[in-house]
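The values are calculated or read from the model by the stated rules, or taken from the named source; none is laboratory data. Small disclaimer: the values here were computed from a predicted structure and weren't measured. For neighbour counting, all protein chains shown are included, and Cβ atoms are generated from backbone atoms with ideal geometry for every residue, glycine included.
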Amino acid sequence: MPAPFVHELRVRYGECDPQGIVFNANYLLYFDVAFTELWRASVGPWQEMVEKGFDAVVADAKLSFRVPARFDDQLQLRARITRLGTSAITTAIDVVREDELLVAGELRHVCVATDTWRKTELPDWVREGLTRYAVAGQR
């Protein structure tokens, strides 16, 4: 299995709830950051894809909360592509503090044409770029 894409971030005070832990909805923001940075590293800036007539929209999101993150924690967002379908990309994202798994999640993005917003096939150049972080069998 290839090494996952890793993006680090520090929990900001405003991301925490009155109990002093990261508010659950903020993990979706973290997932979006991880996926966008994985995309930038493997395909290029998001806007370049949009300018070519394609976009990727979230179709499904799953999160499994295990241990809370707190203000000022240094987190690693570890992402890997678990499925490259004809028109969809599934990405597993783990939120880790040191070596402790805090949240395990998954996003499924669907590729759409920007002129119609209808589902369309992933362009070859997107597929080729994403294979860098794809698990075996998805390359």
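Quick look at the numbers
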quantity	calculated
Cβ pairs under 9 Å, 6+ apart, first in region 59-75 and under 30 Å from C111 (Cα atoms), second among the basic types (K, R) and surrounded by 15 or more Cβ atoms within 10 Å (Cβ to Cβ)	A59/R108; D60/R108; A61/R108; K62/R108; L75/R97
Some residue of region 100-122 being over 21 Å from A136 (Cα atoms), touching a residue at least 24 places away in the same chain (Cβ under 8 Å), within 12 Å of the chain's Cα centre (by Cα) and surrounded by 15 or more Cβ atoms within 10 Å (Cβ to Cβ)	no
Enumeration of residues in region 123-139 that are of a type outside the set (G, A, S) and loosely packed, with under 13 Cβ neighbours inside 10 Å	D124
Region 49-67, residues that are under 25 Å from A113 (Cα atoms) and either hydroxyl-bearing (S, T, Y) or out of contact with any His (no Cβ under 8 Å at 6 or more places or on another chain) (or both)	M49, V50, E51, K52, G53, F54, D55, D60, A61, K62
Conditions (1) assigned to a loop (DSSP other than H, G, I, E, B); (2) buried (at least 17 other Cβ atoms within 10 Å of the Cβ); number of the one not met by F31	(1)
Test: residue in region 51-59 that is at pLDDT 95 or above, within 18 Å of E128 (Cα to Cα) and of a type in the set (F, W, Y)	yes
